[in-house]
Amino acid sequence: MCGKDKVTFYCENELIAGTLNDVLLSQEKQMDFEAVVMVDSQLSGQICMGYNGGECADESVILRPPYRIGNIIDKAHYGLRKVGEGRIFVWQGLSLNPLERRLEVDSKDIELTDKEVELMIALIAAAGKPIVRHELLEKVWGYGEGIETHTLETHIYRLRQKLEIDPSEPKILVTVGEGYALQSS
């Protein structure tokens, strides 16, 4: 997976499209996807979402008024997760199947929790580059900066127990500065 996922918002008219575009731009820091707003005059008062280049179709998420920006962003994230569940994420010797919650490492099949899957998707998407702690907390748990929690460290510890030959000396899921990264083998 390279770059950001894309959500296309289809709106009934230019006024709704312009307003939605302005609001989405103001919320850009909270979104881990690229937003594109388009006009589709066949929609009557609705906002329809297409994912990663997909058109507004029967299986798309459709929103009806009143529109709330938090709800729109949540629905966009939900739709991207559903689209992403069908993908297999591969990086170096790792193969992640989010739908089955399975990670294969060196022919070893590992069962993951939902949050471990989300954490691994973020780390695989970074392709070996470190992701700082607060970014992982935001991407996986939706926490804002400055939150004091040991949730991330607990999940990293559990993932290392599953991934590493010697979890006390990690070779795959490594600490880099104030963040974490997947190490190439």
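Since every read-out is calculated from the coordinates, none of them should be taken as a lab result. Everything quoted here is computed from the prediction, not taken from an experiment. Every residue, glycine as well, gets a Cβ built from its backbone with ideal geometry; the counts of neighbours run over all protein chains shown.
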Going by a ≥ b ≥ c, the root eigenvalues of the Cα gyration tensor, does the range 62-185 fall in the rounded group (a/c under 1.5), the prolate group (a/b larger than b/c) or the oblate group? oblate
Non-local residues with an amide H under 5 Å from the amide H of residue 38, with H modelled 1.01 Å from N and Pro and chain starts lacking one, are 9, 10, 11
Set the bar at 31 Å for Cα to Cα. Now go through 6/129; 115/171; 75/171; 129/162 and name every pair that lies beyond it. 75/171
By average C-beta atoms within 10 angstrom, highest first, the peptides 36-42, 66-72: 36-42, 66-72
Express in % the proportion of alpha carbon pairs of the range 131-185 at distances exceeding 19 Å. 27 percent
Residue by residue through the range 162-172, the couplings from Karplus 6.51 cos²θ - 1.76 cosθ + 1.60 with θ = phi - 60°, in Hz, x for Gly and Pro, are 7, 8, 8, 5, 10, x, 6, 10, x, 10, 9
Compute the length gained on full extension between residue 34 and residue 71: take 0.36 nm times their separation in residues and subtract their Cα-Cα distance, giving the result in nm to one decimal. 11.7 nm
